[in-house]
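In what follows, a single structure is set out as structure tokens and then discussed.
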Amino acid sequence: MMKGGFEVVHATLDMIQPHREPIWDFASFGFPTTSVAAAAVSSIPRQSLENRCINLERNELSDWVEQVTKKLIDDLPAQNTDTDDHHSSTLQAPADIPMVCEDSFPPSLLGDFRPRKTVTSSDFDELQWSNVNGGNDRGLSRLDEQGLSLITLLLECAVAISIDNLGEAHRMLLELTQMASPYALSCAERVVAYFAKAMSSRVINSWLGICSPLINYKTVHCAFQAFNNVSPFIKFAHFTSNQAILEAFHRRDRVHIIDLDIMQGLQWPALFHILATRMEGPPHVTMTGMGSSMELLTETGKQLSNFAKRLGMSFEFHPIAKKFGEIDITMVRLRRGETLAIHWLQHSLYDATGPDWKTMRLMEQLGPRIITLVEQDLSHGGSFLDRFVGSLHYYSTMFDSLGAYLAADDPNRHRIEHCLLFREINNILAIGGPARSGEDKMKQWRSELAARNSFVQVPMSSNSMAQAQLILNMFPPAHGYRLVQGDGTLRLGWKDTSLFTASAWTSHVSR
């Protein structure tokens, strides 16, 4: 009997519980008959209500960062900018006009500029103390004085780096690294500790030249899996994309999926199960997995092949240990009659795809029936200060969302913050964004795809919305996650800040 989509979601979540090594335990894989609510509760780590309430009271960092960076922007000269760069990062309630909020706090609000003067702590004192003393704030008075002082000093340091005053920046960074700890109870202090470390790398790079830190992909993948288990963001990306791909593969006998950064392939077992139990029978599935390590790609391919075999589904896996933007069309083993899907879950951990213009060109050449794209609502373009302000607001929200759910000493929280979020912060600030080649990266892929004659948007369906809502229902409303559907996309965020946007596209010459 064909299992429902909701059971598939929970079966997959049960399969990918955290562990140290990226090996799937197929013996424990199954499709439970327990209720959705019971499965959801059992998959979430248990914590006391008292600890959650304490964490929620302390999660005011992102609100204050938004206000204080607006103060910084007000002190800077006016700059003419392209309105296309000002995409909204604020979530609107479903009853409102969908997805449009031009006066919200955008990640790339600053553009390319140089400040009139070096900003000092006195420039922030009025705002800082009006918030602490209960002025026109949004409950920010509980954010401790030390956290406010650390963020203020971090902002001063960012301005110093932006005007190449590296000596002064170095002095402030020495002070910050002594005052802030990544193990602190305060979200503000943890954020400052990681930002200070990334900015120290930036200063060293400015003196010595650009560096490309080595990446331990196994460590990153394990942290990514931990993030998937404690947060809805990765599940949201996986299951909304799977639904769009499933709809594009309707009544297709031969299908081909290209995953631009497959990692452990955690996304695909749920889709495989649904395809294997279709009324019209399972298709032949070919998957091309892109990644940087052939060893890890081979292991992922074995796990997926074993899983497909257990389902009785015909499956091929082709690993390519290169970036999508660095290959030509002949390296993709696309056969006549195959329906093609391209999936891209974007992140800032490293440059997964290479030059964007080459990635776009290859997509146009392949002519996929469906492209599923999940983007971070974070811009990597512009000056250093532009990237700093956008990333400080974005990652303050991410740290707040983790702090609302996990205790300060939770090992998974530290693993996620240290191995994922810090790596992204460092990549954006110290390296200059995901691009290591010096080539410009597209600020928003949805806008680029919409501007091309080669692609047209496929609105995310009500079934995709249902998948996303199911994932969100696993987290109590008090945790602050919000889901918005509009403009053909699905957006997931925390409180009023949009963090990830899922969209789907098709080629005019699709197979």
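Can you tell me which residue in the range 484-511 is surrounded by the fewest Cβ atoms within 10 Å (Cβ to Cβ), limited to those that are of a type in the set (Lys, Arg) and under 18 Å from the mean Cα position of the chain (by Cα)?
Checking each candidate, the answer is 495.
What do you reckon, is residue 388 open to solvent by less than 40 Å² (accessible area, probe 1.4 Å), modelled with pLDDT of 90 or more, under 30 Å from residue 478 (Cβ atoms) and hydrophobic (A, V, I, L, M, F, W, C)?
Here the answer is no, as residue 388 does not meet what is asked.
In the range 356-378, which residues are farther than 16 Å from residue 346 by Cα and within 22 Å of the chain's Cα centre (by Cα)?
Hit for the range 356-378 is 370, nothing else.
If residue 372 meets every condition in (1) surrounded by 21 or more Cβ atoms within 10 Å (Cβ to Cβ); (2) in contact with a strand residue (DSSP E or B) (Cβ under 7 Å, 6 or more places away or on another chain); (3) assigned to a loop (DSSP other than H, G, I, E, B) apart from one, which number is that one?
Tallying (1) surrounded by 21 or more Cβ atoms within 10 Å (Cβ to Cβ); (2) in contact with a strand residue (DSSP E or B) (Cβ under 7 Å, 6 or more places away or on another chain); (3) assigned to a loop (DSSP other than H, G, I, E, B), residue 372 fails exactly one: (3).
Filtering the range 401-414 down to residues that are more than 18 Å from residue 196 (Cα to Cα) and part of a helix (DSSP H, G or I), which residue is farthest from the chain's Cα centre (by Cα)?
It comes out as 411.
Would you call residue 262 in contact (Cβ under 8 Å) with a residue 24 or more places away in the chain and part of a loop (DSSP other than H, G, I, E, B)?
Yes: the conditions hold for residue 262.
Could you say which residue among 448, 439 is of a type in the set (Asp, Glu), at pLDDT below 95, open to solvent by 10 Å² or more (accessible area, probe 1.4 Å) and not in a loop (DSSP other than H, G, I, E, B)?
448
Specify the residue that is nearest to residue 248 (Cα to Cα); the eligible residues are those in the range 459-511 that are assigned to a helix (DSSP H, G or I) and of a type in the set (Ser, Thr, Tyr).
Checking each candidate, the answer is 464.
What is the one condition in (1) assigned to a helix (DSSP H, G or I); (2) under 12 Å from residue 343 (Cα atoms) that residue 288 does not satisfy?
Result: residue 288 fails condition (1) only.
Of these, 314, 305, 293, which one is open to solvent by less than 50 Å² (accessible area, probe 1.4 Å) and more than 15 Å from residue 261 (Cβ to Cβ)?
Every option except 305 fails the conditions.
Tell me yes or no: at least one residue of the range 410-422 is more than 23 Å from residue 262 (Cβ to Cβ), open to solvent by less than 10 Å² (accessible area, probe 1.4 Å) and of a type outside the set (S, T, N, Q).
yes
Cβ-Cβ distance below 8 Å, separation of 6 or more or different chains: which pairs start in the range 352-379 with a residue that is of a type in the set (Gly, Ala, Ser) and end on one that is in a helix (DSSP H, G or I) and open to solvent by less than 10 Å² (accessible area, probe 1.4 Å)?
Filtered contacts from the range 352-379: 352/324; 354/324; 354/325; 379/386; 379/390.
Is it the case, given these coordinates, that residue 359 is of a type in the set (Ser, Thr, Tyr), touching a Leu at 6+ places or on another chain (Cβ under 7 Å) and at pLDDT below 95?
It is false that residue 359 is of a type in the set (Ser, Thr, Tyr), touching a Leu at 6+ places or on another chain (Cβ under 7 Å) and at pLDDT below 95.
Check residue 269 against each of (1) at pLDDT below 95; (2) part of a helix (DSSP H, G or I) and name the one condition it does not meet.
(1)
Can you confirm whether residue 363 is part of a helix (DSSP H, G or I), touching a strand residue (DSSP E or B) at 6+ places or on another chain (Cβ under 7 Å) and not small (Gly, Ala, Ser)?
yes
The values are calculated or read from the model by the stated rules, or taken from the named source; none is laboratory data. Note that the structure is predicted; figures quoted are calculated from it, not measured. As a convention, Cβ positions derive from the backbone with ideal geometry for all residues, glycine included, and neighbour counts pool all protein chains shown. The protein model used for the area step is the full one, side chains on, heavy atoms only, and it has no ligands, DNA or RNA in it. Shrake-Rupley method; radii C 1.70, N 1.55, O 1.52, S 1.80 Å.
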